[in-house]
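Trainee: Please see the structure below; I have some questions.
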Amino acid sequence: MNTLWIKHPRAVFTSNRLDASGGLVIADGRILEVLAAGQQPSGPVSQVFDASTHVVLPGLVNTHHHFYQTLTRACPPALNKRLFPWLQTLYPIWAGLTPAQHALATELAMVELLLSGCTTVADHHYLFPAGLENAIDIQAETSLKLGMRATLTRGSMSLSVDDGGLPPRSVVQTEQVILDDSKRLIERWHQRDDQALLEVALAPCSPFSVTPDIMRASAELAAQYDVGLHTHLAETEDENAFCLKMFGQRPLDYLDSVGWLNNRTWLAHGIHFNDEEVQRLGNAGTGICHCPSSNMVLASGICRVNELRAAGSPVGLGVDGSASNDHSNLMQEVRQALLIQRLRYQADEFTHLDALHLATKGSAQVLRRDDIGELAPGKRADIAFFKLDEPRFSGAHDPLAALVLCGASQADAVMINGDWKVRDKQWLGGDIRQLMANHQQAASQLFSGH
Ligand SMILES: [Zn+2]
């Protein structure tokens with residue numbers, strides 16, 4: 001058996017109680033052994049990777065994004081706007097998205113995440129204008145080509161401005177089209193083995209862009225096929241007001257009424273919940289994706305991470321779409337999580353290790369995956385390696401704290417299933433400069449075409 005000993009890391013965060021100071025033994029895409037200080041591999045190893053200058057983490061897991069939005073970063077008409085007018089400004093631009101632009105946006109976003117130490121991505125794609133009906137197929141092909149672990153969520157919008165919703169007519173689909181395509185995508189792409197690289201979940205966009213019927217039908221379909229359910233919820237106070245006016249219910253009551261309050265569901269943002277709602281979410285095991293930068297950019301509020309976790313909800317981390325972050329750097333997002341949570345909790349109530357936990361095991365739990373998100377025997381060998389070799393780290397003492405507090409942003413090496421995807425801070429799968437040039441051109445075309 002081909003074995004690799006990741007030997008004597010400078011520091012390591014396992015996201016569990018295991019001591020991995022002696023390193024990790026990798027074989028056949030999995031972690032075979034976790035070695036405590038002074039411990040040696042139990043058998044002969046075929047290769048050794050000297051990790052003495054590396055801080056080692058489980059590959060980071062991103063639980064919410066909209067890859068296509070990388071084409072509308074720092075977009076002038078949308079700058080400095082609140083959520084609803086921000087969306088209404090961007091919808092007409094996004095409506096012109098083409099398959100080629102979408103493929104480039106997906107690849108750029110995934111590689112950007114990879115370079116930040118991320119090995120598993122979840123994307124929420126809900127935009128299917130005419131000509132882009134195969135948006136999820138395009139993403140599936142891209143993620144398989146890159147060899148990254150991905151949960152692609154088939155989003156939907158069915159409530160246009162004509163029916164009291166927010167999106168324009170040109171980007172909504174009928175319920176039958178949405179449900180037929182959802183079934184097709186699950187059957188075509190969703191992998192069920194325990195080392196799945198590609199999963200599909202169902203993801204109506206938000207209460208203000210779909211009908212209650214599509215929410216109910218999606219929940220039934222997800223249960224029938226045993227796949228995840230995802231949406232945006234309780235992001236802003238405006239959304240609370242919308243739900244009360246449109247449905248006569250607060251967002252969580254609405255969610256409950258359409259059959260979504262269960263452990264199959266994970267919600268992006270999850271900010272404006274009261275105490276009773278937090279308890280109900282926890283009792284149901286519903287997951288929350290905390291999106292710190294996006295919540296700060298759109299002045300949405302602060303997720304109640306500690307109360308949600310205490311109630312029983314898995315809580316993970318997400319960069320959110322690049323029109324509201326505007327980067328896709330998950331390691332930077334770990335720092336943002338620490339900083340924003342320190343505005344809610346005392347310093348000893350939310351630590352740098354809590355922030356790292358959100359982006360690793362917390363996120364894996366949100367995606368209902370027990371094979372990633374931590375370093376332990378039997379888990380997939382999805383691992384991120386950082387070096388403290390930039391001026392911002394000079395003089396640092398605790399390496400794990402330095403990653404978060406000094407602000408690491410670029411992984412030195414990344415492996416997925418034991419395969420190197422990044423070495424010496426370079427993406428091994430293609431030409432990043434060419435990808436950026438093509439992507440920038442696609443962004444200009446999309447913006448100038450609307
Ligand atoms: Zn989002």
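The values are calculated or read from the model by the stated rules, or taken from the named source; none is laboratory data. Because the structure is a prediction, the values reported are computed rather than measured. Note that each Cβ is placed from the backbone with ideal geometry, even for glycine, and that neighbours are counted across all protein chains shown.
Trainee: Answer yes if at least one residue in the range 310-329 is under 27 Å from residue 382 (Cα atoms) and in a helix (DSSP H, G or I), and no otherwise.
Mentor: No, there is no match, as no residue in the range 310-329 is under 27 Å from residue 382 (Cα atoms) and in a helix (DSSP H, G or I).
Trainee: Still on this structure, please answer the following. So, residue 9, is that one under 30 Å from residue 324 (Cα atoms) and either at pLDDT 95 or above or surrounded by fewer than 16 Cβ atoms within 10 Å (Cβ to Cβ) (or both) or not?
Mentor: no
Trainee: Next up: Quick one: is residue 414 closer than 18 Å to residue 142 by Cβ and either modelled with pLDDT of 95 or more or among the small types (Gly, Ala, Ser) (or both)?
Mentor: Spelling it out, residue 414 is indeed closer than 18 Å to residue 142 by Cβ and either modelled with pLDDT of 95 or more or among the small types (Gly, Ala, Ser) (or both).
Trainee: Being more than 24 Å from residue 369 (Cβ to Cβ), part of a loop (DSSP other than H, G, I, E, B) and either within 11 Å of the ligand (Cβ to nearest atom) or not aliphatic (A, V, I, L, M) (or both) is the filter here, so list the residues in the range 286-303 that pass it.
Mentor: 298, 300, 301
Trainee: May I ask you to say which residue of 354, 348 is farther than 22 Å from residue 298 by Cβ, part of a loop (DSSP other than H, G, I, E, B) and more than 16 Å from the ligand (Cβ to nearest atom)?
Mentor: 348
Trainee: Another question, then. Right, residue 154: modelled with pLDDT of 95 or more and within 16 Å of the ligand (Cβ to nearest atom) or not?
Mentor: Yes: the conditions hold for residue 154.
Trainee: Here's a follow-up. Return the total of residues in the range 142-181 being in a helix (DSSP H, G or I), surrounded by 15 or more Cβ atoms within 10 Å (Cβ to Cβ) and within 19 Å of the chain's Cα centre (by Cα).
Mentor: 3
Trainee: Among the residues of the range 404-438, count how many are among the charged types (D, E, K, R), in contact with a strand residue (DSSP E or B) (Cβ under 8 Å, 6 or more places away or on another chain), part of a strand (DSSP E or B) and surrounded by fewer than 20 Cβ atoms within 10 Å (Cβ to Cβ).
Mentor: Summing the residues that are among the charged types (D, E, K, R), in contact with a strand residue (DSSP E or B) (Cβ under 8 Å, 6 or more places away or on another chain), part of a strand (DSSP E or B) and surrounded by fewer than 20 Cβ atoms within 10 Å (Cβ to Cβ) in the range 404-438 gives 1.
Trainee: Can you give me the number of residues within the range 357-399 that are surrounded by fewer than 19 Cβ atoms within 10 Å (Cβ to Cβ), part of a helix (DSSP H, G or I) and hydrophobic (A, V, I, L, M, F, W, C)?
Mentor: 1
Trainee: I would also like to ask the following. Quick check on my filter: what residues within the range 209-230 are in contact (Cβ under 8 Å) with a residue 60 or more places away in the chain and within 16 Å of the ligand (Cβ to nearest atom)?
Mentor: 209, 228, 230
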